[in-house]
1. Name the residues whose placed amide hydrogens come within less than 5 Å of the amide hydrogen of Ile86, ignoring near sequence neighbours (fewer than 5 apart) on the same chain.
2. For the stretch 102-203, rounded, prolate or oblate, judged on the Cα gyration tensor with a ≥ b ≥ c (square roots of eigenvalues), a/c < 1.5 rounded, else prolate if a/b > b/c?
3. Rounded to the nearest 5, what % of DSSP beta bridges with both residues in the chain are antiparallel?
4. What value, in deg cm²/dmol to 500, does the helix sum -39500 (n - 2.57) over DSSP H runs of n ≥ 4 give at 222 nm once divided by the residues of the chain?
5. Using the Karplus curve 6.51 cos²θ - 1.76 cosθ + 1.60 with θ = phi - 60°, work out ³J(HN,Hα) for each residue of the stretch 225-238 in order, rounded to whole Hz, and write x for Gly and Pro.
6. Just Arg304, Arg235, Arg182 to compare: in a GNM of the chain, with alpha carbon springs under 10 Å, which one fluctuates most?
7. Placing +1 at every Lys and Arg Cβ and -1 at every Asp and Glu Cβ, with all other atoms neutral, what dipole size does the stretch 102-203 have around its Cα centre, in debye to the nearest 20?
8. Projected onto the charge dipole of the chain (+1 at Lys/Arg Cβ, -1 at Asp/Glu Cβ, origin at the Cα centre), which of Ala349, Gly223, Ala113 gives the Cα projection farthest towards the positive end?
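Only the coordinates and a few stated rules stand behind these numbers; no lab work does. All values derive from a computational prediction rather than experimental measurement. For neighbour counting, all protein chains shown are included, and Cβ atoms are generated from backbone atoms with ideal geometry for every residue, glycine included.
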Amino acid sequence: MTIVQNPRLTGLACLRCDRRYEIADHTTGCPACLAEGAPANLECVYRPDGADRPAGRVEQPYLRPVTLGEGGTPLLTDLAGVVPGIDVALKWEGANPTGSHKDRFSAAVVTRAAHAGYEGVVAASSGNAGVSLAAYCGRAGLRCEVAVTDDTPARVVELMRDLGADVVSFPRSEQRWEHTARYRDSTLMLPVTNFVVPPVGSSPFGIEGYKLVAEEILADRGGSAPEWVVVPASRGDLAWGVHLGFRELLGADAVPRLCLVEPFPRVAAVLAGADQWATFPGDTRVMPSLGGNLLAAQSVEAVRRSRGHAEPVDDESVRAETRRLWRTGFPLEPSSAAGLVAVSRALAAGRINPDADVVVLATAHGLKGM
């Protein structure tokens, strides 16, 4: 397997302070911002002369990535009645090889790990990321270690192990981060998900894979951007990556507005004046992949820079919506169904207009937990 680094990749930059760094795995984000007590993630920087890059294509750090055929997921339209009172389109990420958007991240970050000479990757996961990373590490011949919590569905843990991952389980969510942090300075195993408090987010090389969601949406719509893109979010890896993709292809002033979906007010609280570095009260049993009481700067920046907003949704509503969607032929994971609940809420509150052009990211199917 030959991996080719993009010759236009020049380094990384902090999304908060814009300091520049060499191409390396800065697993705690921007060192300067971390020292200031304001952790922030990095993003890949490319030479601006992309004349040899095909029109309508985003930059990627590696030109020949490890792949299982991820991407190219359908944009489902003509869905009148899926959200009463408004027409929406669904970007069906459940069509990826392991059933979620995480495959885009895994393809990019496992490629990075292989190219940089690591023996494997280590991650904290609530389910989808662990399954995905295990599959892609198997494809690349790398080790994979996944830290989960004891309440992770047994079938999901079984899938990770069947795919070759070493799975370690802990009673509390934060213990997964503590375990991952042990590999901070490892030259053998690369931590690819967050372990910093407050969080910075996951590997910027992996987040680059999410830029392809924006590329595909524009391609499927003949280059026309939607007004809104609805993104379920925890620490904002997907939201930030999608925003980067639209920014790269359209320019900062023409990006779609992001509606970030969260299980209780976090980004919404910050936009209303709360301290970004606070601990936000709330919990969810239905949407574990969207949980967490701390924010990453990239979540807030994705919303602010796109002139968007954040929409909290509750477990009861999401559980009911998930059941309704399954019975109409859409077996979405609850964290994906949350996006449609958010559209209904935003529509009722007047934050999204009935004639708005809206794409909802359906991040995963719900079958692997069966």
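1. Those lying under 5 Å, H to H, from Ile86 are Gly81.
2. oblate
3. On the way: 13 of 43 bridges.
Beta bridges within the chain, antiparallel portion: roughly 30 percent.
4. It lands at -9500 deg cm²/dmol.
5. Each residue's phi maps through the Karplus curve to give 7, x, 6, 10, 10, 9, 10, x, 8, 10, 9, x, 4, 5 Hz.
6. Its mean-square fluctuation being the largest, the pick is Arg182.
7. Details: 11 positive and 11 negative charges, 54 e Å.
It works out to roughly 260 debye.
8. Sorting the options by dipole projection puts first Ala113.
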